[in-house]
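Report on the following structure.
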Amino acid sequence: MATKTLIEAIREAMDEELENDPRVFITGEDVGPRGGVFRATMGLIEKHGPERVVDSPLAELSIIAIGIGAAMADLRPICEIQFADFIHPAMNQIMNEAAKMYYRSNGTWTVPMTIRAPYGGGISGGLYHSQSLEALFAHCPGLKIVIPSTPYDAKGLLKSAIRDPNPVLFFEAKKGYRAIKGEVPDGDYTVPIGPVNVRRAGDDVTIYAYGMMAHYAVEAANMVAEQDGIAAEVVDVRTILPVDREGILESFKKTGKALIIYEDNLTMGYGAEVAAILSDEGFEYMDGPIRRLAGPDVPSVPYSHPVQEAFMPSPKKIADAIREIAEY
Amino acid sequence: MATKTLIEAIREAMDEELENDPRVFITGEDVGPRGGVFRATMGLIEKHGPERVVDSPLAELSIIAIGIGAAMADLRPICEIQFADFIHPAMNQIMNEAAKMYYRSNGTWTVPMTIRAPYGGGISGGLYHSQSLEALFAHCPGLKIVIPSTPYDAKGLLKSAIRDPNPVLFFEAKKGYRAIKGEVPDGDYTVPIGPVNVRRAGDDVTIYAYGMMAHYAVEAANMVAEQDGIAAEVVDVRTILPVDREGILESFKKTGKALIIYEDNLTMGYGAEVAAILSDEGFEYMDGPIRRLAGPDVPSVPYSHPVQEAFMPSPKKIADAIREIAEY
Amino acid sequence: MADQSVDLQANAASEQARPSDSLSPEILLEMYWYMLLSRRLDERAWILHRQGRIPFHISGMGHEACQVAAAFAINRGVDYVHPYYRDLAMCLAVGMSAEEFMLGLFGKAEDPSSGGRQMPSHFSHRKLNILSMSSPVATQVPQAAGLAFGIKYRIAQQLQDPEDETQPRLALTSLGEGSTSQGEWHEGMNWAGVHKLPFICLVENNIYAISVPMHQQMAVPNVADRAAGYGVEGIVVDGNDILASYDAMVRARDRAYSGEGPTLVEAKTYRPVPHSSDDDDRSYRSRDEVEEWKRKDPIARFQQYLLDRGILDQNKIDEYEARAKQMVNQSQSYADEAPYPEIAPSLDPSSVYAPVDK
Amino acid sequence: MADQSVDLQANAASEQARPSDSLSPEILLEMYWYMLLSRRLDERAWILHRQGRIPFHISGMGHEACQVAAAFAINRGVDYVHPYYRDLAMCLAVGMSAEEFMLGLFGKAEDPSSGGRQMPSHFSHRKLNILSMSSPVATQVPQAAGLAFGIKYRIAQQLQDPEDETQPRLALTSLGEGSTSQGEWHEGMNWAGVHKLPFICLVENNIYAISVPMHQQMAVPNVADRAAGYGVEGIVVDGNDILASYDAMVRARDRAYSGEGPTLVEAKTYRPVPHSSDDDDRSYRSRDEVEEWKRKDPIARFQQYLLDRGILDQNKIDEYEARAKQMVNQSQSYADEAPYPEIAPSLDPSSVYAPVDK
Ligand SMILES: Cc1ncc(C[n+]2csc(CCOP(=O)(O)OP(=O)(O)O)c2C)c(N)n1
Ligand SMILES: Cc1ncc(C[n+]2csc(CCOP(=O)(O)OP(=O)(O)O)c2C)c(N)n1
Ligand SMILES: [Mg+2]
Ligand SMILES: [Mg+2]
């Protein structure tokens, strides 16, 4: 297997799906000759043509709505939102339309659409090129939400997303586009949307994380293993919605201690749901407070370099939090 | 004191604020001669004139954006969204603009705006006239979110909202507009945005609820007190954001048992945050699993009568849940 | 800008043949029938609401002419139709049955629109290619552009034969004039224009958005004045004149089928009843105005036209009325007695997701 | 529809006096100065980025003429300005200092736009009535309509004397042509038209939205073609001609001040550099095209105009250049050495709320 970066894995998934299914097309801002502002679609217009890789007008609502309409006309749109931060104009189309279509039509119309969006901080993007938006959408039944952390998962999950008959939001850790590398098979395979993935085993504390934070969590777990002999288990919550309640509970039943990591704002972030599940269904296993380590409740992420650094969770901060919990 | 309905209290607050401050104006769809589709603004255009009670075009994004601009021009807009379900087109203006303006301008620009929106189910409104949206916005630092349950609170909190230098989302339980009645003083008074309100004291179980559900919670608490001798404390979380962490913890420290009620979808609903706070900061007081009783994770609320009834939490369901927790 | 729009009625005088000239008496009567059936169902719905037997009704009254004209101009039941809540007559003409409408009113399991999940008149019909609509207005417009984009794409990728009349070859969407204030409308129109899509936007302009009159909605006399700004042809037509409406729609259809691009048809009409069963229109418009418009009723007007030409006579009118009445009664009984949806599956979280193929 | 827009340049030929005719040499030189200063700061920012000393720069190069013209037409520092990220020259002309720009580039505490919270060129200046902008494009347009609504309201409620020149009497907003595809733009324009607001929308049309050319953005040759659909006057102007731009803006300003309503001014211009420091424009446009436009540079053009009229000479040019260089150096050093914002208060959740008066 070849080693590929996160963004290469994503590009490869799209390339292969374009190749395999004539109903698949891409639209979004600058996805054509520019190949996307992050180059995720680089080379695809040259290979598959301008009818299948379509530069959209600068209007996110319409990018999503066109996707919805095209999906109902039996195509398989991949809609790129240039930065997750710019998805808000399309909230109505995503939440009130795409997410509810199957249910509201009593299962007669489906919206097989994938929405890709880079998310997350640490790249000097300031308040509007750094946002994490999974928590917002996680409150919306009818959507699936995927955040891969490894290139392997990225390719396999993106293929599952494109083939899924439901609207799937696929958030990509932009900070990791080139920094995250891993083994990725050439050719076709899928990773199922749904189950969490235990990235590192351990008995003492469970760390829940996804995307960029899953890497930091593994790094932190390795640190505390070496330095403190603490065995932390890292659960990669690569599917945010629908929630894998069993997968989330399983590790906790073993450790009784939980630390949930996300770079999104703390309050009402995804960790709130994980904590709520654990403190109800996992109550009998609880062996300490359920902790969240997340971004502070200010608009994410301030631009100024030192403030940005202080905003973001880091392996070191995670390691400290693990130690505190392990000692409880 | 006179007994007034919820909607009368709301109308009275607006009427008095229009009277007292020439910077206050109202805009929204049908707020003028029609007096609002629920009649919340009835009579106000006749009294205060069409320059201060302004029928807007049918476009929520612009209703909010005009409010933001006018607020920055030192007015005090009250923007009505006809149903909370129609607020999505304005998400970008609310979340990326209004909520972030003060922070992003380093405290130099403020957005003293109030957004009123009727929310909630049980009125045969189907999927798009029944939604509860507090949880979505509760993930957005910079907003204040208020949901009054009594007419007294409604008038006092709405006045606080109108005078607040920050954008305040004011959600009104439409099912209770005429059904909820209570004592409301004539003339000026305010209720501060922030603190929760203990509506009923008890030592055994804490019930967290707001809006229509706060009434059901009190009803249910009275039922179990009478029938089972269970003393349930009802905490009315009338300010959703910023979160009153201390107020939330205080009752729990006494009871160690929590039931959180909301008619919104379960997953990532407001109860998730309450559970997360309790299971972390309140861990040492926990005396049972933290329970949520909420709407199921389907688009709220299906139209068909029996399905609607089954969707909604009811005093009876709440009473059953209290009993289960109390016995734990 | 009004002069920029194509005024078909002015053109009609000077030209030889209008598309509606070639409609056979049978077709004309069918069009009449759908208008009538729609009206009678609609009237019954108001009564059911007044009787407290249904919680809500939103009416298509007064709009029947342009709606039926739109349906008859396209390939009914095949071309995509993404309508709005007033389009009862359009949906009936496209193929929805009286029972199906009534099932929606009562929120029953068999309702083809939503199985009772949505409020009445939130039309959808998979077999007829009627798309599912929500309540937030104008969301259907950019989606319909997406459907039209899909058609163009399918043809270009040879997934569909452009001559195949069993496949949709255009997307028709409709909305009220007030709803064109939404950004959704702007963005949908823009895509349609940029990609020259087989797309028709029918604006049913009844000069009010609930209570808000047009001049508080927009600073132009016609919505069609905005079409040119999108590279879209704009047509203003008397929406209470079914034949004029048909001519406009045929022009729009021909443009769509032949790849000439999108058309906006603005049908000037009126809503002679309150906005919905929750509304009281006395606060915002005079009874005189309403009465004046009632005299322009599109059904009475078409009936007179057909009578004048001997296509219809009193016997036939009576026969149609009797048939309509029977259908209304029958469909009401059927829907009334039909079962409600089952609760457990309706509230099961898995019911929001289409199953994934293995 | 293009012909519907007012073509001021065509008009100018036939008319006697253009507003720019009465600009004194001092004012003309001041305008020149702001264009030059903007350009030199902008160039330095590109260098700082290349040196890895700042993470990001987004440029106003090529747009200086229409921006400075806009600023000089209004009541600078008093009228509301809700700009976009390219408006460095506009903000300087309105009163923002070179230091203030540099502080933003370096993300320092004293940055008046955001105290280092936002990316560079997300302008804001409370004292100058420059509103705070975000990154999502076009959000400023309906907000600017709100500001204009506020002005009209304040005057109507006698909260403000219409003659008081210390108070804002119009709201000017700007954006790129691509950004007009957003629903936000539509809704803002519509309010401005319906309420006849003292509102100016300056569209800086550089024919690309990052890589996307105009014909994939809209199906019309001019954004101004859309103005009439909102009851707004549309003007197309050569945005690289500062005097023509000034004339257009003065017309728009006069309309705003006198209650005649909103105006859209579309300034045709070009961005001779990549979209931002993150962009590489070679994938989407030819070097020939870029070179051709560089020959139309608005500063060189205005310089020639001033030289031709003896308002400027080589000595003065050298003097201006020296002054600009010194300012650029000085402001860079200042900003470089200025302190970063303190971390704790920047991340304190209470910092997102304005304090409530007791
Ligand atoms: C986004 C949104 N906002 C508000 C409403 C409430 N509402 C329903 S219909 C309507 C008026 C629609 O007017 P118009 O578009 O002219 O259509 P008409 O009903 O007159 O046919 C309003 C305000 C809604 N359904 N959706
Ligand atoms: C809502 C939103 N979507 C996408 C972007 C990313 N983006 C930033 S600038 C830009 C292009 C803007 O083009 P145009 O409006 O023509 O202005 P120009 O940069 O050419 O001056 C894009 C796509 C954004 N900032 N906001
Ligand atoms: Mg209307
Ligand atoms: Mg541009």
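At-a-glance table
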quantity: Residue that is farthest from ligand 1 (Cβ to nearest atom) [pool: residues in the stretch D:166-209 that are part of a helix (DSSP H, G or I), small (Gly, Ala, Ser) and closer than 29 Å to D:SER283 by Cβ]; calculated: D:GLY178
quantity: Enumerated helices (runs of 4 or more DSSP H) restricted to the stretch C:296-357, each holding at least 1 residues that are of a type in the set (Asp, Glu) and more than 24 Å from C:GLU26 (Cα to Cα); calculated: C:314-337
quantity: Yes/no for A:VAL307 being assigned to a helix (DSSP H, G or I), buried (at least 24 other Cβ atoms within 10 Å of the Cβ) and in contact with a Leu (Cβ under 8 Å, 6 or more places away or on another chain); calculated: yes
quantity: Hits in the stretch C:170-199 (condition: more than 21 Å from C:MET218 (Cα to Cα) and more than 10 Å from chain D (Cβ to nearest Cβ)); calculated: C:LEU170, C:ALA171, C:LEU172, C:LEU197, C:PRO198, C:PHE199
quantity: Matching residues, the stretch D:182-232, being aromatic (Phe, Trp, Tyr) and either surrounded by fewer than 24 Cβ atoms within 10 Å (Cβ to Cβ) or farther than 20 Å from C:TRP191 by Cβ (or both); calculated: D:TRP191, D:PHE199, D:TYR208
quantity: Inter-residue pairs, beta-carbon under 8 Å, first without any contact (Cβ under 8 Å) to a residue 40 or more places away in the chain and in the stretch D:118-131, second assigned to a strand (DSSP E or B), 6+ apart; calculated: D:SER124/D:ILE130
quantity: Meets criteria (over 17 Å from the mean Cα position of the chain (by Cα) and either more than 14 Å from chain D (Cβ to nearest Cβ) or within 26 Å of B:GLU97 (Cβ to Cβ) (or both)) for A:PRO299; calculated: yes
quantity: Residue within the stretch B:203-216 that is out of contact with any helix residue (DSSP H, G or I) (no Cβ under 7 Å at 6 or more places or on another chain) and free of Cβ contacts under 8 Å to residues at least 60 places away in the same chain present; calculated: no
quantity: Condition check for A:ASP153: under 23 Å from A:GLU233 (Cβ atoms), at pLDDT 95 or above and assigned by TED's automatic domain parsing to the domain that holds A:TYR262; calculated: no
quantity: D:LYS196 vs. criteria at positive phi and either away from ligand 4 (no atom under 16 Å from the Cβ) or of a type in the set (S, T, N, Q) (or both); calculated: yes
quantity: Single residue of the stretch C:210-234 satisfying the filter (part of a strand (DSSP E or B) and within 11 Å of ligand 1 (Cβ to nearest atom)) that is farthest from the other protein chains (Cβ to nearest Cβ); calculated: C:PRO213
quantity: Test: residue in the stretch D:324-347 that is without any contact (Cβ under 8 Å) to a residue 24 or more places away in the chain and more than 25 Å from D:GLU100 (Cβ to Cβ); calculated: no
quantity: Residue in the stretch A:258-271 that is surrounded by 23 or more Cβ atoms within 10 Å (Cβ to Cβ), away from chain D (no Cβ under 14 Å), part of a helix (DSSP H, G or I) and not small (Gly, Ala, Ser) present; calculated: yes
quantity: B:ALA138 being more than 7 Å from every other protein chain (Cβ to nearest Cβ) and at pLDDT 95 or above; calculated: no
quantity: Matching option when the condition is touching a helix residue (DSSP H, G or I) at 6+ places or on another chain (Cβ under 6 Å) and within 16 Å of ligand 4 (Cβ to nearest atom), among D:GLN217, D:GLN160; calculated: D:GLN217
quantity: Residue match in the stretch D:139-148 (condition: surrounded by fewer than 24 Cβ atoms within 10 Å (Cβ to Cβ), within 7 Å of another protein chain (Cβ to nearest Cβ), of a type outside the set (Ser, Thr, Tyr) and more than 15 Å from the chain's Cα centre (by Cα)); calculated: no
quantity: Among residues of the stretch D:254-266, those that are crowded, with 24+ Cβ neighbours inside 10 Å and part of a helix (DSSP H, G or I), counted; calculated: 1
quantity: Residues satisfying the stated conditions in the stretch A:1-25, i.e. buried (at least 21 other Cβ atoms within 10 Å of the Cβ), over 11 Å from A:ILE162 (Cα atoms) and without any contact (Cβ under 8 Å) to a residue 60 or more places away in the chain; calculated: A:ARG11
quantity: Per-region count, the stretch B:100-132, residues part of a strand (DSSP E or B) and within 14 Å of chain C (Cβ to nearest Cβ); calculated: 2
quantity: Failed item in (1) under 24 Å from C:ALA244 (Cβ atoms); (2) in contact with a strand residue (DSSP E or B) (Cβ under 9 Å, 6 or more places away or on another chain); (3) within 16 Å of ligand 1 (Cβ to nearest atom), with C:ASP42 passing the rest; calculated: (2)
quantity: Answer from B:GLU60, B:GLU29, B:GLU97, B:GLU80 - the residue that is of a type in the set (Asp, Glu), within 16 Å of ligand 3 (Cβ to nearest atom) and in contact (Cβ under 8 Å) with a residue 12 or more places away in the chain; calculated: B:GLU29
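The values are calculated or read from the model by the stated rules, or taken from the named source; none is laboratory data. Treat the numbers as computed from the prediction; the structure is a model and nothing was measured. Cβ coordinates were reconstructed from backbone atoms using ideal geometry, including for glycine residues, and neighbour counts include every protein chain displayed.
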